[in-house]
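The values are calculated or read from the model by the stated rules, or taken from the named source; none is laboratory data. Everything numeric in this text was worked out from a predicted model, so none of it was measured. All Cβ positions, glycine included, derive from the backbone under ideal geometry; neighbour counts span all protein chains shown. We work out accessible area using only protein heavy atoms, side chains counted, and drop any ligands, DNA or RNA first. Shrake-Rupley method; radii C 1.70, N 1.55, O 1.52, S 1.80 Å.
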Amino acid sequence: MLLALSLLLCVHASFAQTVAGKVTDASSGTPLEGVTVKVKSSSTGTITNKQGEFSIKAVASDILVFSFIGY
C-alpha cells in the first residue's frame with residue numbers, strides 16, 4: 001500500500017508545471033509588488049517582485065489565490 005501511494009505521489013508531481021505571470025493595478029497598469037500568490041488548499045506560495053512578476057509550481061486543476069494589503 002505504501003509503495004502504491006508513493007508511486008501515485010510521484011506521478012502527480014510529474015504533471016506540475018511552473019505558472020508565471022504579472023500582477024498589475026487594473027486602472028493604471030502599475031506593477032504590484034508584494035502580492036501573495038498561493039495554491040488554494042496548499043502551503044505552496046510566493047510573492048510578486050518589484051515588477052509584479054511571479055512564478056509558482058502548480059498543476060492544471062489548481063486554483064491560484066491572490067491577496068494584497070494596500071494602503
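Please identify the pairs in which a residue from the range 42-60 that is over 13 Å from residue 30 (Cα atoms) has its Cβ atom under 6 Å from the Cβ atom of a residue that is open to solvent by 50 Å² or more (accessible area, probe 1.4 Å) and aliphatic (A, V, I, L, M), counting only partners at least 6 apart or on another chain. Taking only residues 6 or more apart or on different chains, the pairs are 55/20; 56/19; 58/19. If I filter the range 7-29 down to residues being surrounded by 10 or more Cβ atoms within 10 Å (Cβ to Cβ) and among the small types (Gly, Ala, Ser), which single residue comes out as modelled with the lowest pLDDT? Here the answer is 13.
Would you say residue 39 is under 15 Å from the mean Cα position of the chain (by Cα) and modelled with pLDDT of 90 or more? If you could, list the steps in order and put the result at the bottom.
Details: under 15 Å from the mean Cα position of the chain (by Cα): yes; modelled with pLDDT of 90 or more: yes.
Answer is yes for this residue.
Against the condition open to solvent by 70 Å² or more (accessible area, probe 1.4 Å) and modelled with pLDDT of 90 or more, how does residue 47 come out, does it pass? For residue 47, the condition - open to solvent by 70 Å² or more (accessible area, probe 1.4 Å) and modelled with pLDDT of 90 or more - is met.
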